[in-house]
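We did not get these values from a lab; they are worked out from the coordinates using the rules stated. These figures come from a predicted structure and were not determined experimentally. Backbone-built Cβ (ideal geometry, glycine too); neighbour counts: all protein chains shown.
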Amino acid sequence: MTSTVKRLSSLVSRSRRQFLKSLVHTGVLIATLPYIKNAKAQAIPLLGGTEFDLTIAETKIVIAGIEKIATTINGTMPGPTLYWKEGDTVTLRVKNLLSEETSLHWHGIILPYQMDGAPQISFNGIAPGETFTYHFKVQQSGTYWYHSHSEMQEQTGLYGAIIIEPATIDAIQADRDYVVLLSDWTDEDPMTVFANLKKHSAYYNYNQPTVVDFFRDIAGEGVKSALEKRHMWNMMRMSRADLADISAATYRYLVNGHDSTDNWLGVFKPGERVRLRFINASAQTFFDVRIPGLALCVEQADGQNIEPVLVDEFRIGLAETYDVIVTPTQTAYTIFAQAMDRTGYVRGTLATHAGLSARVPEMDKPELLTMGDMMGAMNHDMAAMDHSAMTSEQMRQMGHDMADMRPVSVHHASTEFSASVDMRVDTPRTNLDDPGIGLRNNGRRVLTYADLHTVGGTLDARAPTRDMELHLTGNMERYTWSFDGVAYNESTPIHFRYGERLRVILVNDTMMTHPVHLHGMWSELETADGQFQVRKHTIVVQPAQRVSFLVTADALGRWPWHCHLFYHMHAGMFREVVVS
């Protein structure tokens, strides 16, 4: 990837004309690239300008030295990194060489709904053999990405990065600039994966509590406490290991199309400021990212500049992006991204030259969910449970001080009381300073939403005129997912009034963490007391958590609103929003 270094290292320091000229000198073709039938995973071109020709097809790619068939863009997986300029109008001609419909969605990009790329909502999709032309003005800057919104194509490789140069000087200065795109790959047919989850939701979950864990609880807590804890979870018919639906049992984790054996490389000179644009383009995996020996200065979240915050580690949810600055001084460092369930990881290397590598850390031990991760999320069968009888150890297992839980009243829709919902949260927590299961008190500085503060504050100072509450719901055993207990195929559109300012409240009634993406409009996350926190396009909602954000309904049309866990979306956690 040294050619990518040369192409991207001058993004900030050069003018746009100089930058595009340098691309030509390094052999990169602007706006178009010939379709490649067989391509290596390393070949991720950068395309700049305002006119783009993108071809979607099935292509042989190489992962860990083995050929696979992927859904690609211009013959590569990931697809080309698209370089735009804020204020420009871009035209993207997307040709479909697949035998099925396809699409491209420009994730987090503010544009007319007809250009959003969501089949059957914003347009009809791109039929086999057809070409669709996207045409819109670029109204923002920062790091974003694009992906298919059709069939199972996102899981089979149809995604890529977007870099948008600011109209003025970039506030984030760097000597080197790399995209670090994280994803998950399975050799199974994604429909087979989905069918396996429907048959048994724990099909890929190998971290279930064992007899050894039970005896460990006895040793640490005593027989009575261990038995009580096991009894509680059995009564709730839930597993404390439900951190992730899919694990390394089928997934291979990738960075820029490489698995750990490929060891993706980013080159630097000691003392340089290196910008790393992290993008989680995975279908189903939360990654916990760190670079041992380097502090990470987080300077952008979801394409929006934030007040810089120094951390050792961050969790990146599906579809989120974080831009960090590092200043390496040694010869080699490991970029280490472990899956939230600790079943696997992917690593890359920052080094002064090819051939170097650094020590790869051991994965952290997997942690089980605590009662605090489902505080108040007792299903109807648990309504009569005597909480006053809990032992002190069980209270400790709640994982959060009661003062931090900030119980608030919630409204459960009547549709939540059905077989498709196995949990309901009555007293959700509202704190934003929890890094999440597996990252609490690990001895490292871990990023939380409470650390994120968008530079410049809110885009709209108006107070909301109404509140809308939605619950993230599901039944893990049935593998059904929904909003308010209603799956997409049974739902009716949600209506926003054009120009209104409204508050959206999301309550997670499940034991899983959900990244929720509203197309077409910014979501401005607020604190529990109603103060502006950070502007995002994807908001991660932890188990038993209540979050609220403000939306200005300034985008006419029809927009998807869904969980970005790929199989949750396909299983029903999806709604249509109509702004009129």
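Here are a few things to note about the model shown:
- Overall form of region 408-551 per C-alpha gyration tensor (a/c, 1.5; a/b vs b/c): oblate
- Panel order for Y159, Y449, by other beta carbons found within 10 Å of each beta carbon, from fewest to most: Y449, Y159.
- Relative packing of 67-74, 81-88, which averages over residues the other C-beta atoms within 10 Å, highest first: 67-74, 81-88
- Per-residue packing, averaged as other Cβ atoms within 10 Å, sorts the ranges 502-515, 108-121, 464-477 into the order 502-515, 108-121, 464-477, beginning with the highest.
- Descending by average beta-carbon neighbour count within 10 Å, the peptides 518-526, 417-425 line up as 518-526, 417-425, the highest first.
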